[in-house]
1. Need a quick list: strands (runs of 3 or more DSSP E) entirely within segment 33-135 having at least 2 residues that are over 16 Å from L182 (Cα atoms).
2. Would a scan of segment 411-425 turn up a residue that is touching a Gly at 6+ places or on another chain (Cβ under 6 Å) and open to solvent by less than 50 Å² (accessible area, probe 1.4 Å)?
3. Could you please find all residues in segment 442-462 being within 29 Å of the chain's Cα centre (by Cα) and open to solvent by less than 20 Å² (accessible area, probe 1.4 Å)?
4. Search segment 1-32 for residues being of a type outside the set (A, V, I, L, M), assigned to a loop (DSSP other than H, G, I, E, B) and out of contact with any Phe, Trp or Tyr (no Cβ under 9 Å at 6 or more places or on another chain), and hand back the single one that is nearest to V152 (Cα to Cα).
5. Report yes if K395 is without any contact (Cβ under 8 Å) to a residue 12 or more places away in the chain, farther than 27 Å from S269 by Cβ and basic (K, R), otherwise no.
6. If only one of M162, M200 is buried (at least 19 other Cβ atoms within 10 Å of the Cβ), within 23 Å of M76 (Cα to Cα), of a type in the set (A, V, I, L, M) and at pLDDT below 85, which one is it?
7. Taking segment 291-310, which residues are modelled with pLDDT of 90 or more and outside any strand (DSSP E or B)?
8. In segment 275-282, is there at least one residue being touching a strand residue (DSSP E or B) at 6+ places or on another chain (Cβ under 8 Å), at pLDDT 95 or above and not aliphatic (A, V, I, L, M)?
Amino acid sequence: MSQSNFSTLNLNPALTENLVSLGYKQMTDIQAQSLPDIIQGKDVIAQAKTGSGKTAAFGLGMLEKLEVKRYRVQSMVLCPTRELADQVAKELRKLARGIHNIKILTLCGGMPFGPQIGSLEHGAHIIVGTPGRIEEHVIKGTLSLVDLNLLVLDEADRMLEMGFQAALDNIVDRTPKHRQTLLFSATFPKKIQQISQRIMQNPKMVKVESKHENTTISQHFYHVESNDDRLQAVRLLLSEHNPESCVIFCNTKKDVQMVADQLANYGFSVLALHGDLEQRDRDQTLVRFANKSANVMVATDVAARGLDIDALDAVINYHIALDTEVHIHRIGRTGRAGSKGVACSLFSDKESYKVALLEDYLDRKIAGEELPDLQVLNNPIRKPNMITLQIDGGKRDKVRPGDILGALTGNNGIEGAQVGKISVSQNFAYVAVKRSVHKVALKKLENGRIKNRKFRVRVIRG
């Protein structure tokens, strides 16, 4: 039997049966290298990118260790963003569905504090959240960590980049000394080494190579002289490749907003994602991009880290990343799951040192290619296939995706195939519908009822 088969781990039978039902057969590299040590209770440092299967690696170890009958907070996962925390909690619930009565609670900023206190009073086994909000609960005494025996730091490098060092220190200081600690990070800078030495006991180091095969991702580099040339190059590449989904990475929030504004002026369907956005605007941006209601998203690395925006047609690096491994992480957004991807990077003479580092990392010479001909700017600009409708009702109103689908496809409604992704948050729901039928869909929801109630509905545009 293959050593990378989950059945070799001797997990709780309920976990093993659930893995089979989920179609999980072979372990990914990060799972095969880290899970045996995690299950044995050892501290582990794992260097792996998003999409490597790391959540299942620490999730299975966590669930194997959990004592369901002890209704105390036994495990906690710290994440840099609310979106990643939501993803992790969703994956953990999926992995835990074979075991009854496991309660997983998400505690993140941008959400009301009061209801979280109420949820904590009812008890939980696993907490997933962001450092700022977790620290707040711990300081106020609404979250007790005295029974914690497993702490996970997910995307640790980004948490430090985002300024969470003090919050992390404060949280760790309030956890039991005798605990298991798992640290997952896409990169391994000195700060991560320092924090690992301080909070971990003889950790096992695991590293999964993050380079992608050339057959999967086609990398292209283009030399530019000025910022005007850079923006022109982006327009040429978008017009040439005509992607349905593309992320443009910038190194600063200022550049993100400038590039997004300029592309919007030229008629592109574009969204900006950076740290200055209000939580509601950020949520809408992510929903619209994920459901194909916008073709282009311009983002910083910190804002885009851990988000479920993989399988892109193209990635464009407006600037070369400051860290070579971040470059690899960026381009890894395209060409996943064996699909073909295109990664285009722009660089100037001032970035020669970053190019040299990248050449060493990729073990190849980087020379500027010729940009597409100016004639491509005459090509019609692609419009998104979908349009997003916002419904002013969510989980608190007991609204479920099936209710929205039924309301759209009922008497004289639209076809089920014309409905895209449906996302339901606490206070709002978002549904993507084909552009050609969005007016019909809007009227259907405005005039109809969901859960025997009328809700305000509107089209979300840029």
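1. Correct list: 104-107.
2. Quick first cut of segment 411-425, residues touching a Gly at 6+ places or on another chain (Cβ under 6 Å) only: 424-425.
Next, only the ones that are open to solvent by less than 50 Å² (accessible area, probe 1.4 Å) stay: 424-425.
For segment 411-425, residues touching a Gly at 6+ places or on another chain (Cβ under 6 Å) and open to solvent by less than 50 Å² (accessible area, probe 1.4 Å): present.
3. V457, I460 - these are the residues of segment 442-462 that are within 29 Å of the chain's Cα centre (by Cα) and open to solvent by less than 20 Å² (accessible area, probe 1.4 Å).
4. Per the criteria, the residue is T28.
5. The answer is no for K395.
6. M162
7. N291, K292, S293, A294, N295, listed by residue number.
8. No, segment 275-282 contains no residue that is touching a strand residue (DSSP E or B) at 6+ places or on another chain (Cβ under 8 Å), at pLDDT 95 or above and not aliphatic (A, V, I, L, M).
The values are calculated or read from the model by the stated rules, or taken from the named source; none is laboratory data. Nothing here was measured: the structure is a model prediction, and the numbers come from that model. Every residue, glycine as well, gets a Cβ built from its backbone with ideal geometry; the counts of neighbours run over all protein chains shown. To get the accessible areas, we keep the full protein, side chains included, count just its heavy atoms, and leave off ligands, DNA and RNA. Shrake-Rupley method; radii C 1.70, N 1.55, O 1.52, S 1.80 Å.
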